[in-house]
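Worksheet: one structure, shown below.
Only the coordinates and a few stated rules stand behind these numbers; no lab work does. All values derive from a computational prediction rather than experimental measurement. Positions of Cβ are backbone-derived with ideal geometry, glycine not excepted, and every protein chain shown enters the neighbour counts.
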Amino acid sequence: MILLEKCPVCSEGGLVKKLDCIDHSTTKENFTIVSCETCGFTFTNPRPKDENLGEYYKSDMYISHTNNTKGLFNWLYQTVRKYAIGSKVNLLRKISEKGNHLDIGCGTGEFLNACKNAGYNTKGIEPSELAREQAIENFNLSVSENTNLNQFQKEQFNSISMWHVLEHVTNLNETIGEFARILDQNGKVIIAVPNHKSWDANHYKEFWAAWDTPIHLWHFSKETIEKLFENHNFKLTKTKPMLFDSFYVALLSEEFKTGKKKFIKGFVIGLISNIIGLVTKRGCSSTIYVFEKKN
Ligand SMILES: [Zn+2]
């Protein structure tokens, strides 16, 4: 296990336990989530060594890299995902007109393919062999297995996206430091991550599916992700709630809590979280952040 002694955002050492959370989907092992007393950044600590993390990805429930349409739940998930791809491309179009776009953790490539069709020069990174092969085979995309960003040249890209990926990245500061290097002037970064300040996170506590320990290493809020990117000379220019994620996370959380699929209850909790998230500005279950490189 790896134990961090200092906060990766503010480098202070006062880390207090926030909650214990088991790995609901795979091993049922217990993990601890801590918060920094100084800046509030929250993360899984300790966490498995990098070489052991792969063991925790072997769950049937981890469906974002596959196109398995078994069951109503997965069907709904896949249907919503298709719809969401259109709105993601629209967001990219608004913030960065055509250019070189890098999608890190591109999975089976649906979003990247939509970007390509919209006129972007695209490049993807996907460590999962199964997903990467599908992306290449289905859409003829350029996808790298190598997750190290040092393979790219200085200012090679105009925009980068990471859809629910940054929370999995082990070398957090190095990765964002590399964004600054490989993006051109005014380059944009789109980051989607769960928001542990959301109403549904507080409602489900240790059963909140988006804690997803230990594969979610970092648990962001608007304040902490803004501070993290500011450390690397990026400014936050836009936030957008991911309204569908609230339902998805509530359904999974209900299942973790009760052992049953409770569609109506999950829908109601997701709806309440969205309404409170929008009205109170505490944010919904997941948030999209847009950062711009400062000059
Ligand atoms: Zn801190």
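When the helices of the chain are scored as -39500 (n - 2.57) per DSSP H run of n ≥ 4 and the total is divided over every residue, the value at 222 nm lands at -11000 deg cm²/dmol.
Helices that extend 18 Å or more along their long axis by alpha-carbon positions and average at least 1.0 on the Kyte-Doolittle scale are, among the DSSP H runs of the chain, 263-280.
In terms of its C-alpha gyration tensor, region 1-149 comes out prolate, because a/c is 1.5 or above and the ratio a/b outweighs b/c. When a/c reaches 1.5 or more, the comparison of a/b and b/c decides; with that in mind, is region 229-295 rounded, prolate or oblate per its Cα gyration tensor? Because a/c hits 1.5 or more and a/b exceeds b/c, region 229-295 counts as prolate.
Tell me, what is the FRET efficiency for residue 98 and residue 202 to the nearest 0.05, using R0 = 51 angstrom and their Cβ-Cβ distance as r?
0.80
For the pair residue 83 and residue 38, label points projected 7 Å from Cα toward Cβ lie 4.4 nm apart. Taking the Cα centre of the chain as origin and assigning +1 to Lys and Arg Cβ atoms and -1 to Asp and Glu Cβ atoms, the resulting dipole is close to 1080 debye.
Wrap a convex hull around the Cα atoms of the chain, take a quarter of its surface area, and give that in square nanometres. List each step's numbers first, then the result.
Details: hull surface 56.9 nm².
So the Cα hull casts an average projection of 14.2 nm².
Legend: calculated FRET efficiency, residue 147 to residue 185, from the Cβ-Cβ distance at R0 = 25 Å, rounded to 0.05, equals 0.50. Classify region 96-201: rounded, prolate or oblate, from the alpha-carbon gyration tensor (a ≥ b ≥ c, eigenvalue square roots; a/c under 1.5 rounded; otherwise prolate if a/b is larger than b/c)? Rounded, since a/c falls under 1.5. Charges were assigned to the Cβ only: +1 to each Lys and Arg, -1 to each Asp and Glu. The resulting dipole of region 73-173 about its Cα centre is roughly 440 debye. Local charge for residue 250 was computed over the other residues whose Cβ lies under 12 Å away, with Lys and Arg +1 and Asp and Glu -1, and equals 0. Report note on the peptides 255-262, 131-138, 190-197: ranked by the mean count of other C-beta atoms within 10 Å, highest first, their order is 190-197, 131-138, 255-262. With pairing defined as another cysteine C-beta under 4.7 Å, the cysteines of the chain that fail it are 21, 106, 115, 284. Taken as Cα centroids, region 173-217 and region 140-158 sit 20 Å apart, rounded to the nearest whole angstrom.
Report the residue, chosen from 189, 143, 89, that carries the largest GNM mean-square fluctuation when the chain is represented by alpha-carbon nodes joined by springs under 10 Å. In the Gaussian network model the winner is 89. Available extension along the chain between residue 11 and residue 76 is 19.2 nm, counting 0.36 nm per residue and deducting the alpha carbon span.
The average projected area of region 1-48, computed from the convex hull of its Cα atoms over all directions, is 3.2 nm². In summary, the lysines within cross-link reach of residue 88, defined as a Cα separation below 19 angstrom excluding same-chain residues under 8 places away, comprise 98, 116, 123, 188, 238, 240. Each label was represented as a point 7 Å from its Cα along the Cα-to-Cβ direction; for residue 118 and residue 49 these points are 4.2 nm apart.
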